[in-house]
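**Student:** Pasting in a structure now, in structure tokens, and then I'll have a few things to ask.
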Amino acid sequence: MTKAIVLTGITTTGTPHLGNYVGAIRPAIAASKDPGYAPFYFLADYHALIKCHEPEKVRQSSLEIAATWLALGLDTSNAVFYRQSDVPEILELAWMLTCVTSKGLMNRAHAYKAAVSDNEESGENDPDKGIAMGLFSYPILMAADILMFNANKVPVGKDQIQHIEMARDIAGRFNHIYGEHFVLPEAVIDEHGAVLSGLDGRKMSKSYNNTIPLFEPEKKLRKLINKIKTNSLEPGEPKDPNGCTLFSIYQAFATAGEMAHIRQRYAEGIGWGEMKQTLFEHINEQIAPARERYEALMQAPEHIEAELQSGAEKARAISAPFLAELRKAVGIAKIA
Ligand code: TRP
């Protein structure tokens, strides 16, 4: 039986935080250990250039993200873990796809539409002001990421569903013109996938500046947890776990039994100071061993690089012959 190819990319801007961990990294690493899947996970560094023009940040983020995934126990004997830019066939494919994608389809992409409506709302008379072609055609690069490996399943956040549908459209168009080369991918949305709350109670997200970095040193982790907003109920007053940020974060790291116990403590009026301490200890206990591995990896980037190189080699063993086939299909070949 051929295994389902599960593929997802991580844009290399920013430092992984607890929300990324719970929502994306933890389930992806669990899947990497499942022999029923053939996972492809990659650092989407060419995607990073769409939003970030600071080379040092892109470089640092690639390092941190790779170290994070390895420290958390990604099984690279099963999963292919690589850097997008180490697989140049992806960009070649992106151009082939660009040539069969209608501009109208890209006009409907929500990232582009949001940028246009920001311009319109600010009274700008050029609706495209400040919008780079990279942002406009980014769903095509994403389609190339996916179609290069004929991925069956693509785990993504809800905001990315439209892009997977576009990848299917583009694949269908290419297949229609040049023959059946691509599998149509499907988005996988983790319905019970936890959306973690951040320091201010809104969804934990870099854009809200309310994140807790995953591998923050212990002291800083404690400090950040102490900053989480609560209401002003005193110790001893019964508290409602629903809608409580501390409780919802705790939930993402706890078993059913632990949850029942904490609910009980809320009913008994646990003080916010004590709950913060409990939450800190609970998260810290689960993160500490991986944090140690992370720190060691950050001190030995050559190990990270070696992993990425061996991932790229496995990826290119697939992408290079497939691209040769695609070049032939579109009429790009040596004359003699
Ligand atoms: N655009 C995705 C995001 O912002 C990241 C990404 C790039 C991706 N290429 C991909 C995800 C291919 C899945 C498949 O989250």
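The values are calculated or read from the model by the stated rules, or taken from the named source; none is laboratory data. Note that the structure is predicted; figures quoted are calculated from it, not measured. Every residue, glycine as well, gets a Cβ built from its backbone with ideal geometry; the counts of neighbours run over all protein chains shown.
Table: residues versus (1) part of a strand (DSSP E or B); (2) within 14 Å of the ligand (Cβ to nearest atom); (3) touching a residue at least 40 places away in the same chain (Cβ under 8 Å).
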| residue | (1), (2), (3) |
| --- | --- |
| R26 | no, no, yes |
| L43 | yes, yes, yes |
| A48 | no, yes, no |
| R59 | no, no, no |
| I65 | no, yes, yes |
| G73 | no, no, yes |
| L91 | no, yes, yes |
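**Student:** Within region 148-159, work out how many residues are at pLDDT below 95 and among the polar types (S, T, N, Q).
**Tutor:** Summing the residues that are at pLDDT below 95 and among the polar types (S, T, N, Q) in region 148-159 gives 0.
**Student:** From the set of residues in region 145-178 that are over 22 Å from I25 (Cα atoms) and among the small types (G, A, S), which is nearest to the ligand (Cβ to nearest atom)?
**Tutor:** Looking at the filtered set, the residue picked out is A167.
**Student:** Related question: Find the residue count for region 31-41, including only residues that are surrounded by 21 or more Cβ atoms within 10 Å (Cβ to Cβ) and more than 14 Å from the ligand (Cβ to nearest atom).
**Tutor:** 1
**Student:** Counting only residues that are surrounded by 19 or more Cβ atoms within 10 Å (Cβ to Cβ) and of a type in the set (G, A, S), which one in region 116-144 is farthest from the ligand (Cβ to nearest atom)?
**Tutor:** Restricting to residues being surrounded by 19 or more Cβ atoms within 10 Å (Cβ to Cβ) and of a type in the set (G, A, S), the top hit is S137.
**Student:** Select from region 18-30 the residues that are surrounded by 22 or more Cβ atoms within 10 Å (Cβ to Cβ) and over 11 Å from the mean Cα position of the chain (by Cα) and list them in ascending order.
**Tutor:** Within region 18-30, just L18 meets the criteria.
**Student:** Sticking with this one: Output the qualifying pairs, or none if there are none: Cβ atoms under 6 angstrom, residues six or more apart or on different chains, first residue in region 149-167 and under 22 Å from L323 (Cβ atoms) and touching a residue at least 60 places away in the same chain (Cβ under 8 Å), second residue within 7 Å of the ligand (Cβ to nearest atom) and among the aliphatic types (A, V, I, L, M).
**Tutor:** F149/L7; A151/L7; V154/L7; V154/I146
**Student:** Mind checking which residues of region 205-218 are modelled with pLDDT under 95 and touching a strand residue (DSSP E or B) at 6+ places or on another chain (Cβ under 8 Å)?
**Tutor:** Residue satisfying the conditions is K206 alone.
**Student:** If you take the residues of region 307-325 that are touching a helix residue (DSSP H, G or I) at 6+ places or on another chain (Cβ under 8 Å) and among the charged types (D, E, K, R), which of them is surrounded by the fewest Cβ atoms within 10 Å (Cβ to Cβ)?
**Tutor:** The qualifying residue surrounded by the fewest Cβ atoms within 10 Å (Cβ to Cβ) is R316.
**Student:** Taking the condition of being of a type in the set (S, T, N, Q), in contact with a helix residue (DSSP H, G or I) (Cβ under 7 Å, 6 or more places away or on another chain) and outside any loop (DSSP other than H, G, I, E, B), how many residues in region 185-231 meet it?
**Tutor:** Going through region 185-231, the residues of a type in the set (S, T, N, Q) turn out to be 197, 205, 207, 209-211, 226, 230-231.
Right, trim to in contact with a helix residue (DSSP H, G or I) (Cβ under 7 Å, 6 or more places away or on another chain) and you get 197, 205, 211, 226, 230.
Retained after the next criterion (residues that are outside any loop (DSSP other than H, G, I, E, B)): 197, 226.
Here the count works out to 2.
**Student:** Look through region 268-287, keep the residues that are among the small types (G, A, S) and surrounded by 12 or more Cβ atoms within 10 Å (Cβ to Cβ), and return whichever of them is nearest to the chain's Cα centre (by Cα). Don't jump to the end; show me each part of the working.
**Tutor:** Narrowing region 268-287 to residues among the small types (G, A, S): 269, 271, 273.
Narrowing the set further to residues that are surrounded by 12 or more Cβ atoms within 10 Å (Cβ to Cβ) leaves 269, 271.
Values: G269: 38, G271: 35 Å.
Filtering first and then ranking leaves G271.
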